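The structure appears right after this line, and notes come after that.
Each value in this text was obtained by applying a stated rule to the coordinates, not by laboratory testing. Treat the numbers as computed from the prediction; the structure is a model and nothing was measured. With ideal geometry, Cβ positions are generated from the backbone for all residues, glycine too; neighbour counts draw on all protein chains shown.
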Amino acid sequence: MVFLRNALALALAAMLAACGGGVKYRPVSDVPVRIGPSYKIRGTTYTPAAQPGYDMLGYATWYGSESGNQVANGERFRPGWFTAAHKTLPLPSYVEVTALDTGRRILVRVNDRGPYGDQTRILDLSKGAAELLGVRARGKAAVRVRVVEPSEKDRAALRKGKRARELPPVSARALTSLQDQFSRGVGQR
């Protein structure tokens, strides 16, 4: 009887796993690009829009305990991938993120919405992206985020969870300028 009950439980678990818990994930793709309607979180309205010239200074945080959850564009969240969440950029978008303490730069694919709360937080990085940028240990880091159009090779790598080509750090002069702008006030450049 115990054997039969265990076999039935295993069969039921296998059937549920095959169903994916009822969640239908969108395949990782760059099309269609989704802008979406305005939405409200904690009393603040956010209006997604195409922003090809987006270039902001602010703080990035990271998230990673939501493994397997569905992100805003319908894909499955994978914490080790090089992705990010942004409040209003089209999904997906590609951004270059520069750590303002080191000048290190990485490319990430924006496929989720957030961060919410503190308005100086402009990006939530996946755990993998935060580690690659060298900001995971701090939890919150000053960054520059700008929309870019990476090569198809870099896009393909990011869609597969691989890192894009390594970018050289910004020059010392450019980094000093960014740090000065940041210290004068976090916000749009």
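Can you match semi-axes √(5λ) of the Cα gyration tensor in Å to one of these, (i) 35, 18, 16; (ii) 25, 17, 17; (iii) 37, 24, 18, based on a calculation from the structure here? Answer label, from the structure shown: (i). In segment 39-72, which residues have a backbone nitrogen under 17 Å from the label point lying 7 Å from Thr120's Cα in the Cα-to-Cβ direction? Under cut-off, by backbone N: 56-62. Restricting attention to the chain, the count of lysine pairs at 8 or more positions apart or across chains with alpha carbons under 14 Å apart stands at 4. The label-point distance for Glu66 and Lys24, in a model that sets each label 7 Å from Cα toward Cβ, rounds to 2.1 nm. DSSP finds beta bridges in the chain, and of those with both partners inside it, around 75 percent are antiparallel. About its Cα centre, segment 46-184 has a charge dipole of approximately 280 debye under the convention of +1 per Lys or Arg Cβ and -1 per Asp or Glu Cβ, with nothing else charged. Comparing Glu152, Glu96, Glu75 in a Gaussian network model of the chain (Cα springs below 10 Å), the most mobile by mean-square fluctuation is Glu152.
Close amide H partners of Val110, meaning residues 5 or more places away or on another chain with modelled amide H under 5 Å apart, are Ala84, Ser93, Tyr94, Val95.
Taking Lys40, Lys127, Lys87 as the candidate residues, the one with maximal mean-square fluctuation in a Gaussian network model of the chain, Cα springs under 10 Å, is Lys40. Around Arg42, under 15 Å between beta carbons, what's the net of Lys plus Arg minus Asp minus Glu among the other residues? With Lys, Arg at +1 and Asp, Glu at -1, the net is +3.
Summed over qualifying helices (DSSP H, 4 residues or more, each -39500 (n - 2.57)) and divided by its residue number, the chain shows a 222 nm mean residue ellipticity of -7500 deg cm²/dmol.
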